[in-house]
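Below is one structure, written out as C-alpha cells, with a few remarks after it.
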Amino acid sequence: MRLNNPNQNHLLAALLDAEYARLSPHLEPIMMRLGDVLYESGGKLNHVYFPTSAIVSLHYVLENGSSSEIAGVGNEGILGISLFMGGNTTPSRAVVQTAGHGYRLKSQILLDEFNLAGPVMRLLLRYTQALLTQMSQTAICNRHHTLEQQLCRWLLLTLDRLPTSELTMTQELIATMLGVRREGVTVAAGRLQAKGFISNRRGHISVLDRIGLEGDVCECYEVVKKEFARLMSDVRQRQEPQ
C-alpha cells in the first residue's frame with residue numbers, strides 16, 4: 001500500500017467499484033497540518049474531507065470564544081456531513097488535531113452522488129448515525145464522568161485512529177479539546193502516569209498500557225466503539241489492486 005491513498009480512509013475503501021470510479025478522479029490529496037482550520041463555524045462547505053492519517057477535531061465555539069470538542073474524525077470517516085443532511089454550512093469548527101494526510105472532494109460532486117439515493121447515500125447515513133452517537137456520548141461523558149475517565153476515553157479514541165501508541169499532543173491542547181482547565185488535565189495525566197498507563201512528557205504522550213486505560217475508562221468509549229462496529233459490520237472494504 002502506498003504511503004497515502006484513498007483506501008486508507010474506511011469510507012472510501014467501502015465504496016463499490018462503480019461509485020469509486022466516479023468519485024476517485026476528483027479526489028485531491030492534501031496535507032493536513034496541526035492546527036489547520038478546515039471549516040469555521042457557519043462557513044460554507046466548499047469541500048468535504050476524508051482523512052487518511054490525520055485526525056480532525058470538531059469544536060463547538062461559544063460567543064465568548066471558548067470551545068470544546070464534540071467529536072473527532074479520523075480515517076474512519078468524513079468531514080462535512082451537514083452538506084447532505086440539509087444545509088451547506090456547519091455550526092462547528094473543524095481543526096486538525098493530529099497532522100497527517102487526507103483527501104478532499106468538491107461538495108457538489110459528493111452531493112450529486114448522494115442524491116442518486118444509492119449505495120453512497122446509505123453508507124454516508126450509516127456513518128452519520130455513528131458520528132451522532134459519538135457526539136451525544138461525548139456530551140454525556142463531559143457531564144457525568146471524571147476528568148480522568150474523559151482523558152482515558154479521548155486517548156483510546158485517538159489511538160484507534162493511529163498506527164502508533166505515540167501521541168504528539170500538549171496538555172493545553174487536550175484541555176481545549178475537553179473544555180477544561182489545563183491544570184485539571186495535568187492532574188489527570190499525572191494519575192494515569194503514576195499507574196503506569198502512560199508516559200507523559202512535554203508535548204508528547206506514550207501509551208504504555210492500553211489494557212490499563214480500557215480498565216479505567218467509562219462506558220462511553222465502548223458505546224461509541226460498538227456503534228461504529230455495528231453500523232459498519234456488513235460494509236465490505238474494497239481491496240486495492242496489486
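Of note:
- Test for T98: is it among the β-branched types (V, I, T) and touching a Ser or Thr at 6+ places or on another chain (Cβ under 6 Å): no
Yes/no per residue for (1) of a type in the set (S, T, Y); (2) touching a residue at least 60 places away in the same chain (Cβ under 8 Å); (3) in the same structural domain as L159 (by TED's automatic domain parsing); (4) more than 20 Å from L155 (Cα to Cα):
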residue: Y49; (1), (2), (3), (4): yes, no, no, yes
residue: E63; (1), (2), (3), (4): no, no, no, yes
residue: S68; (1), (2), (3), (4): yes, yes, no, no
residue: A71; (1), (2), (3), (4): no, yes, no, no
residue: P91; (1), (2), (3), (4): no, no, no, yes
residue: V96; (1), (2), (3), (4): no, yes, no, no
residue: R104; (1), (2), (3), (4): no, yes, no, yes
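- Test: residue in the range 32-47 that is within 18 Å of Y127 (Cα to Cα), surrounded by fewer than 18 Cβ atoms within 10 Å (Cβ to Cβ) and over 17 Å from the mean Cα position of the chain (by Cα): no
- Each residue in the range 108-124 was checked for being polar (S, T, N, Q) and over 24 Å from L231 (Cα atoms), and 1 pass.
- Residue within the range 12-31 that is of a type in the set (A, V, I, L, M, F, W, C), surrounded by 20 or more Cβ atoms within 10 Å (Cβ to Cβ) and under 14 Å from the mean Cα position of the chain (by Cα) present: no
- Wholly enclosed strands (runs of 3 or more DSSP E) of the range 1-72 bearing at least 1 residues modelled with pLDDT under 90: 55-61
- Scanning the range 113-130 for residues that are surrounded by 15 or more Cβ atoms within 10 Å (Cβ to Cβ) and either among the basic types (K, R) or in contact (Cβ under 8 Å) with a residue 60 or more places away in the chain (or both) returns E113, P119, V120, L123, L124, R126, Y127, A130.
- Residues of the range 82-123 that are more than 23 Å from P29 (Cα to Cα) and in a loop (DSSP other than H, G, I, E, B): M85, G86, G87, P91, S92, N115, L116, A117, G118.
- Among the conditions (1) modelled with pLDDT of 90 or more; (2) of a type in the set (G, A, S); (3) closer than 22 Å to R33 by Cα, A175 misses just one, which is (1).
- Residue check for R33: among the basic types (K, R), closer than 30 Å to R182 by Cα, in contact (Cβ under 8 Å) with a residue 40 or more places away in the chain and not assigned by TED's automatic domain parsing to the domain that holds R153: yes
- The set of residues in the range 173-206 being under 19 Å from the mean Cα position of the chain (by Cα) and touching a residue at least 12 places away in the same chain (Cβ under 8 Å) consists of L173, I174, T176, M177, L178, G179, I205.
- Residue list for the range 88-112, restricted to those being buried (at least 16 other Cβ atoms within 10 Å of the Cβ) and hydroxyl-bearing (S, T, Y): T90, S92, T98, Y103, S107
- One residue from G215, G184, G203 being modelled with pLDDT of 90 or more and surrounded by fewer than 13 Cβ atoms within 10 Å (Cβ to Cβ): G215
The values are calculated or read from the model by the stated rules, or taken from the named source; none is laboratory data. This is a predicted model, so every value here is computed, not measured. Cβ: placed from backbone, ideal geometry, glycine included. Neighbour counts: every protein chain shown.
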